[in-house]
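Engineer: Got a structure here, written out as structure tokens. Questions coming.
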Amino acid sequence: MSTRLRTLALVAAAAAASVTAPASGAAGPTGPVVVGGSAQPVFSAKAADWTVREAWVEVPVDSDRDGRQDRVHIRYARATAATDRLPVIMEASPYFTGVKDVPNHNVDHDLFDPTSRRTYADRSAPRAGSPTLLDPWWARNWITRGFAWVEMESLGTGGSTGCPTTGGINETLGPKAVIDWLNGRATAYDRSGRAVRADFTNGRVGMLGVSYDGTLPNAVATTGVDGLKAIIPMSAISDWYGYYRAGGAVVAPDGYQGEDTDVLAKFVLTRANPSICDRVIAGLAARQDRVTGDMSSFWAQRSYLADVAKVKAAVYVSHGLSDWNVKPSQAGLWYRALRAQGTPAKIFWHQGAHGGQPPLYEQNRWFTRYVIGAADGVEREPRAIIENPAGEPIRYADWPIPSAKSTSIPLSQLTLHAGSAGRLLTFSDDPRNSLVPFTTNPKRANGLAFATAPLTANTRLSGFARADLRAAFGQVNANVSIGILDLDARGRATLVTQGWTDPQNRNSLWHSDALIPGQFVNLRVDLEATDHVFAAGHRIAITLLQSDHEFTIRPPAGKTMTLDTSRSMITLPLTASLP
């Protein structure tokens, strides 16, 4: 039976209330104070009561090719009264000192034929004088609880040297070097060039962050670096190929059509003398391959999933079920791989889009257990927390929900909306289409919209759905896009999950095999991880398009696709039988 997290929050509040302030004249705490399994806020929240320093940590790489090892700029802080050697919470980010306004690639062009984001002020130049923290809100959460706080500007950003490479190994080595320094294994310098020792810490480190800031903890964890005890990656990437590609297709993050590794590197390049990175970024543009979308060594080097066996840190994954920027499988596949190898792991799914975080109480207990090392029993609790549609966090034994069972059904057994059903259905591509508006108002000439009968009971879809299609094409190339949607009694559609593929990659992600017009081929489309409850009376809709205006390359209209509905299946992990 699921348990509401609200009860646990009351327990935490009671524990916090039990902390007694020291009597007048008595010495206060000098390090973390753990009560009820959580580190308590026993130190001042005022920045004036913190000791803040900065340093540049040497990284064993020369990514800007200037003949000198790169250095990452860090700021580190603790409550001045916390005189013990403290555990550390660390945030590594390419965003601390701003981003650039960079144009994206054009996506309105034909496919491979085998025969802006918000802009911030640029504050990259190091400033003399007393350093100030760039993320004081998050720092306050942990400094008051007896942790030291470290924030690091990723290579090529702010006061760091080196170059951004959008998931390249140098970006992993930057925060690893900081963890090494915190454990006495690397060298750091102050502004005057004098060596600095990390004598404020016991070397036990936790990392957290959102988006790119959450991706860097995933990356560092795959090095197995000693001292990194736990991470909380939020809306984070675990495989860069899956961020910019899908099944061989060039697929954008939601809202950033035409972005790719070179664009993102330019976007975060805020270091002094940025032109030194021109050749590095040109190399990204040359190797990312927006023509075929194939997997390559370039992308393989940017897969943390491939190195998951090296992870020793405990991982608390957090992600939004409606995040179509960093898509949900980035969390789902990462969590599944960690669980399969026995790494301590939990997952928090919220109903929102990009961003969001687990309740602070959950984060605190995770870091108390694994970074401080206090036995609070968190490893014996249910492993999954999933928000319901009202935003209430509910605990489950694990994710996917253990009661979800794979249910496969031929598309020919579903109701076809708009047009006459049949075994072979042909439609022409219209690159202006996207899944939700098409499902609400399907135009048979340009796609296929199927649906189940109304559900007789609330039915949960939990995990990874897939489509196995039998299709032929009227030309040598095409996009294939598919979505699962929740269709209410009034015909309104809500996107649940979606997926894309390039039929030229039907045999392998690593190479494109030409399509022969008119010849049927088998295609597998893996849809993004999800967890969604369809209400009784609603229908499960399956919509099939070629191009997806919001995500794929948008070729000229008119490419044709023929689907064999009797040999095309959709497989759904459901907690109830279909009607």
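Engineer: From (1) outside any strand (DSSP E or B); (2) among the charged types (D, E, K, R); (3) under 22 Å from Leu578 (Cβ atoms), pick out the condition that doesn't hold for Asp430.
Structural biologist: Condition (3) is where Asp430 drops out.
Engineer: Oh, and also: Of all residues in segment 407-421, which are of a type in the set (A, V, I, L, M, F, W, C) and modelled with pLDDT of 95 or more?
Structural biologist: Going through segment 407-421, the residues of a type in the set (A, V, I, L, M, F, W, C) turn out to be 409, 411, 414, 416, 418, 421.
Hits for segment 407-421 are Ile409, Leu411, Leu414, Leu416.
Engineer: For segment 29-117, which strands (runs of 3 or more DSSP E) that fit wholly inside it have 1 or more residues that are assigned by TED's automatic domain parsing to the domain that holds Val268 and surrounded by fewer than 21 Cβ atoms within 10 Å (Cβ to Cβ)? Even if it seems obvious, please write down each step before you answer.
Structural biologist: On the way: elements: 50-58, 71-79, 86-93.
By residue number, 50-58.
Engineer: Out of all the residues in segment 378-390, which are of a type outside the set (Asp, Glu) and either touching a helix residue (DSSP H, G or I) at 6+ places or on another chain (Cβ under 8 Å) or closer than 21 Å to Thr459 by Cβ (or both)?
Structural biologist: Val378, Arg383, Ala384, Ile385, Ile386, Asn388, Pro389, Ala390
Engineer: Within segment 327-378, take every residue that is of a type in the set (D, E, K, R) and closer than 15 Å to Lys312 by Cα and give me the one that is surrounded by the most Cβ atoms within 10 Å (Cβ to Cβ).
Structural biologist: For segment 327-378, the residue satisfying everything is Lys346.
Engineer: Still on this structure: How many of the residues making up segment 307-346 are under 26 Å from Ala252 (Cα atoms) and basic (Lys, Arg)?
Structural biologist: Adding up the residues that qualify gives 2.
Engineer: Which residues, taken from segment 479-522, are surrounded by fewer than 19 Cβ atoms within 10 Å (Cβ to Cβ), closer than 30 Å to Pro454 by Cα and not charged (D, E, K, R)?
Structural biologist: Answer for segment 479-522, where residues must be surrounded by fewer than 19 Cβ atoms within 10 Å (Cβ to Cβ), closer than 30 Å to Pro454 by Cα and not charged (D, E, K, R): Ala489, Gly491, Thr494, Asn522.
Engineer: Are any residues in segment 445-461 in a helix (DSSP H, G or I) and surrounded by 15 or more Cβ atoms within 10 Å (Cβ to Cβ), and if so, which ones?
Structural biologist: If the condition is that a residue be in a helix (DSSP H, G or I) and surrounded by 15 or more Cβ atoms within 10 Å (Cβ to Cβ), then Asn446 is the only one that fits.
Engineer: Could you please give the count of residues in segment 416-430 that are closer than 27 Å to Pro328 by Cβ and loosely packed, with under 15 Cβ neighbours inside 10 Å?
Structural biologist: Total satisfying the criteria: 0.
Yes/no matrix, rows are residues, columns are (1) at pLDDT 95 or above; (2) more than 14 Å from Ile232 (Cα to Cα); (3) in the same structural domain as Asp213 (by TED's automatic domain parsing):
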| site | (1), (2), (3) |
| --- | --- |
| Ala353 | yes, yes, yes |
| Gly356 | no, no, yes |
| Tyr361 | yes, no, yes |
| Val371 | yes, no, yes |
| Pro389 | no, yes, yes |
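Engineer: What's the number of the only condition in (1) of a type in the set (Ser, Thr, Tyr); (2) buried (at least 24 other Cβ atoms within 10 Å of the Cβ); (3) more than 15 Å from Met90 (Cβ to Cβ) that Thr187 fails to meet?
Structural biologist: With (1) of a type in the set (Ser, Thr, Tyr); (2) buried (at least 24 other Cβ atoms within 10 Å of the Cβ); (3) more than 15 Å from Met90 (Cβ to Cβ) applied to Thr187, the lone miss is (2).
Engineer: Right, next: Name the single residue, out of those in segment 161-179 being in contact with a strand residue (DSSP E or B) (Cβ under 8 Å, 6 or more places away or on another chain) and under 17 Å from Met207 (Cβ atoms), that is surrounded by the fewest Cβ atoms within 10 Å (Cβ to Cβ).
Structural biologist: Per the stated criteria, the residue is Ile179.
The values are calculated or read from the model by the stated rules, or taken from the named source; none is laboratory data. On a predicted model such as this, the values are computed, not experimentally measured, just so you know. Positions of Cβ are backbone-derived with ideal geometry, glycine not excepted, and every protein chain shown enters the neighbour counts.
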